[in-house]
Amino acid sequence: MGILEVKNVNKRFGGLKALSEVNLSIAENSVHAIIGPNGAGKSTLLNVLVGKLIPDTGSVLFDGQSVLGRTPYEINQMGISRVFQTPEIFGDLSVMENMMIACFAKRDGAFTMQAIGSMMKERDIVEKAEQMLDSMNLADKRGMHSASMSRGDKRRLEIAMCLAQEPRLLLLDEPTAGMARADTNNTIDLLKKIKQDRDITIAIIEHDMHVVFSLAERITVLAQGTPLVEDTPENIKGHPKVREAYLGETQVAA
Ligand SMILES: Nc1ncnc2c1ncn2[C@@H]1O[C@H](COP(=O)(O)OP(=O)(O)O)[C@@H](O)[C@H]1O
Ligand SMILES: [Mg+2]
């Protein structure tokens, strides 16, 4: 029994079958990648996993409890954090302020904008925020206006903000999309370190095979809303069904 169990999930958007008979089991403390060509249903599946989208049929259990119909706050409380395909940070605030907000929300269960001014006086919040920024190599950017950070730094800030929630399951939707190669490698190293330093399960949706093969222990290949194969990276490489799914795409597994 995995920490996350998806059973017989189907989801239609009008006439389009975005997810079709999806069954997926993600083992606790593993890194599990979900790959597939554009439009395969990866983001839709992720939305279902965090309760944001209710499937037409099927169940999604996290640690034995259904995630369906829960609010984002409840999902967070269950131990699930998610990084979206587009970074979601407060662009008007500094890197440190963003990080403190995440730490504050974890401690108090809520956050109001008026609290930003007084947060600097809260030693536990400041210390935790500094520690989190340091662990993501962002300490020297603490005073920076977060909107002006590079895409890679924004993404790492967002991951750090998720980690402040101390999740048991971290869901990442294309964490290296739009990054330069050096930035991608930096992110891979940080994710490896995160995995080493704590008990955490990571589910990663990714287009970049370099990232997938550097991190994943199990890989599910999704095509047209259905899992085609699930296996180890070694067995996925060169798998005929994987090649078939990626036909016409440039980023085929080598
Ligand atoms: N809210 C929506 N309404 C209608 N169609 C959608 C919606 N979200 C996704 N789709 C469609 O469902 C399919 C799967 O999309 P998506 O899950 O975003 O794929 P991926 O993330 O693998 O690229 C696509 O054909 C997409 O156009
Ligand atoms: Mg997507």
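Assorted remarks:
- Checking each residue in the stretch 192-209 for being more than 16 Å from ligand 1 (Cβ to nearest atom) and of a type in the set (Asp, Glu) picks out Asp197, Asp199.
- Lone unmet requirement of (1) buried (at least 16 other Cβ atoms within 10 Å of the Cβ); (2) more than 18 Å from Val229 (Cβ to Cβ); (3) within 16 Å of ligand 2 (Cβ to nearest atom) for Phe13: (1)
- The numbered conditions (1) on the phi > 0 side of the Ramachandran plot; (2) crowded, with 17+ Cβ neighbours inside 10 Å are all true for Gly39 except (2).
- Residue count for the stretch 52-62 satisfying the condition of being touching a Leu at 6+ places or on another chain (Cβ under 8 Å) and either among the polar types (S, T, N, Q) or buried (at least 21 other Cβ atoms within 10 Å of the Cβ) (or both): 4.
- The number of residues in the stretch 33-70 that are within 13 Å of ligand 2 (Cβ to nearest atom) and of a type in the set (D, E, K, R) comes to 1.
- Flag for Asp183 being of a type outside the set (A, V, I, L, M, F, W, C), surrounded by fewer than 16 Cβ atoms within 10 Å (Cβ to Cβ) and more than 16 Å from ligand 2 (Cβ to nearest atom): no
Where a number appears in this text, it was derived from the coordinates with a stated rule and is not lab data. For clarity, every value in this text was computed on a predicted model and none was experimentally measured. Heads up, the Cβs are rebuilt from the backbone with ideal geometry, glycines too, and the neighbour counts pull from every protein chain shown.
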